[in-house]
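Colleague: Handing you a structure now.
Quick note: the coordinates plus some simple rules give every number you see, no bench work behind them. Worth saying up front: this structure is predicted, and the values here are computed from it rather than measured. A quick note on method: Cβ atoms are made from the backbone with ideal geometry, for glycine too, and the neighbour counts reach across all protein chains shown.
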Amino acid sequence: MTDTVSELAKRGRELSPDDRNRLVDLLLESLAVTPLTDVEAAWEVEIERRLAAYDRGEMQAIDAEEVFAKARQIAA
């Protein structure tokens with residue numbers, strides 16, 4: 001690591017866990033080829049929320065065939 005990167009890493013470790021998480025998110029976002037739109041970012045949050053609810057057993061999965069059948073029924 002360069003001296004600058006080492007210094008930033010050292011300073012980063014002094015941050016609170018929440019601030020470190022925020023910093024990591026900001027750094028990862030800066031690596032993205034195209035930034036997320038507001039809609040895409042909202043979907044990312046929603047996906048994480050739903051997966052967490054599923055993992056906790058608060059939500060059940062629905063078979064894709066059932067979802068598609070219902071969508072065809074609504075579209076008809």
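Colleague: I want to check the label-to-label distance for Tyr54 and Thr37. Put each point 7 Å from Cα in the C-beta direction and report it in nm to one decimal.
Modeller: 2.4
Colleague: Could I ask something else about it? With all pairs of different alpha carbon atoms counted, what Kirkwood hydrodynamic radius in Å does region 36-76 show? Spell out each step's value before the answer.
Modeller: On the way: mean 1/r = 0.0830 Å⁻¹.
Result for region 36-76 stands at 12.1 Å.
Colleague: Where a ≥ b ≥ c are the square roots of the eigenvalues of the C-alpha gyration tensor, would you call region 5-57 rounded, which needs a/c under 1.5, or, failing that, prolate if a/b is larger than b/c, or oblate?
Modeller: Details: a/c = 3.60, a/b = 1.54, b/c = 2.34.
Judged from the Cα gyration tensor, region 5-57 comes out oblate (a/c at least 1.5, b/c at or above a/b).
Colleague: Another question, if that's okay. Tell me the net charge near Asn21. Cut-off is 14 Å between Cβ atoms, Asn21 excluded, with +1 for each Lys or Arg and -1 for each Asp or Glu. If you can, show how the numbers build up before the last one.
Modeller: Details: positive: Arg13, Arg20, Arg22; negative: Asp18, Asp19, Asp25, Glu29, Glu48.
Local net charge: -2.
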